[in-house]
Amino acid sequence: MAPAISNRHAANFHLAHDNETSGSLPDHDSGSLEHLEATRQQIDEELILVKGLMRESLGAPEAWPAVAASLYHLDTGGSYLRARFALMSGIAYGATLTHRTAAAAATELVHNASLVHDDICDGDTSRRGQLSVWQRDNPAVALCSGDLLLTAAFRVALRSDSADHCMSLVKLLTDRVSQVVAGQSIEVADTCPQEGITLSDYLEATLAKTSPLIALPLEAGAMGGTLSAAQQALLLRFANAVGLSYQIIDDLDDVDISVDSLHRHDSSTHHRYHAWAWHGSRRQAYPPYALRDTMQRALKHADAALTRAERLKAEFPTLLAHMLNDIIDTLRRRLRAHQATILTLSRDLHQGAIA
């Protein structure tokens, strides 16, 4: 069974184990750089197969409301980032086409199920520029649609290339899905005040709802090939680092940062595990400089996590490491945009103080 990502003792795993050696990966892909673009094209072609598997796996007539709603959601598009992760990991570790397409379809279905359910929890009325499923139909149909997408992930996992790989993939899905569901429940529950949350609590909640859906596709594709226990542990550490950085940056995207907004910003509008809420001052007063410092603390945390991810990535097979540059570069650009906002804000506050 796959090792769990998040528990009370593992919340600081990504911090405590960065200096440990996990063993060298086999250099089975020397010279892969010149094949990088060809591999990207290969992945684009395999995605066509993956999308077909996803639709076939729903397992009920298209006219039924939950199926129709699921197909509507899938037709809204998306980046298929997790499917790409599974395909590239499968290629890097030597999995067959049959296994990696099954793994990619399963992980992408889990991700889409989580989006449908998240929109219900958050009350978001749109997704990918279209009406969210609960808004288009109703919350009950959306709930059924998310459940259907989730069961479809387990069904398509049985399309792998061997009984052993099917069983391993199902076990991995069980572990990672349970972590995501339980992690999300920490956020939506209302059982403790903000001041009662420790760093360990914050990391546990943040990693539990984000990291499993980054680790899952990387593990799922690779387990059909030559993935060792040490290499899987490395993938988990990478997922934790990327997941933490992603969640902090994504949370900060929700915050309007300007001189005017800082005077009237109400941090109570964020849930207690939101990056803004955690990194904010615990003092009663929230002057503009203190709120600016909240942003700086959060960005420093995100930058450190992303730097860990960049360091860990270097230990992956060359092809996989270079293909993972895309997500790291994207996060780095978003991080720099927030850092630029802070520089502008600091200048504006300084000029205001002088005036």
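A 1.4 Å probe run over segment 292-333, with the rest of the protein chains in place, finds 39 Å² accessible per residue.
In order along segment 107-124, the Karplus-derived 3J(HN,Hα) couplings, from 6.51 cos²θ - 1.76 cosθ + 1.60 at θ = phi - 60°, round to 5, 5, 5, 4, 4, 5, 4, 5, 5, 4, 5, 4, 4, 5, 4, 8, x, 6 Hz, and Gly and Pro are given as x.
Can you give the FRET efficiency to the nearest 0.05 for Leu343 and Asp254, using r as the Cβ-Cβ distance and R₀ = 25 Å?
Values: r = 20 Å, r/R0 = 0.81.
Computed FRET efficiency for Leu343 and Asp254: 0.75.
On the accessible surface of segment 157-250, probed at 1.4 Å, how many percent belong to carbon and sulfur atoms?
Of all accessible area on segment 157-250, carbon and sulfur atoms account for 60 percent.
Here's the picture: charge each Lys and Arg Cβ at +1 and each Asp and Glu Cβ at -1 in segment 37-147, and of His73, Leu109, Ser89 the one pushed furthest to the positive end of that dipole is Ser89.
Computed from label points 7 Å out along Cα-Cβ, the spacing between Thr198 and Ser79 is 3.4 nm.
Over segment 73-119, what percent of the accessible surface lies on carbon and sulfur atoms, probe 1.4 Å?
50 percent
Couplings 3J(HN,Hα) for segment 234-244, derived from phi with the Karplus relation 6.51 cos²θ - 1.76 cosθ + 1.60 (θ = phi - 60°), are 5, 4, 5, 5, 4, 4, 4, 5, 5, x, 5 Hz, where x marks Gly and Pro.
To the nearest 10, the accessible area of Arg334 is 60 Å² with a 1.4 Å probe.
The modelled label-to-label distance between Glu37 and Gln296, using points 7 Å beyond Cα along the C-beta direction, is 4.4 nm. Working note: Karplus 6.51/-1.76/1.60 with θ = phi - 60° gives segment 66-71 the couplings 5, 5, 4, 5, 5, 5 Hz, where Gly and Pro are set to x.
The values are calculated or read from the model by the stated rules, or taken from the named source; none is laboratory data. Since the model is a prediction, treat every value here as computed from it, not as a measurement. No Cβ is skipped: glycine too gets one built from the backbone with ideal geometry, and neighbour counts run over all protein chains shown. Surface accessibility is based on the protein's heavy atoms, side chains included, excluding ligands, DNA and RNA. Shrake-Rupley method; radii C 1.70, N 1.55, O 1.52, S 1.80 Å.
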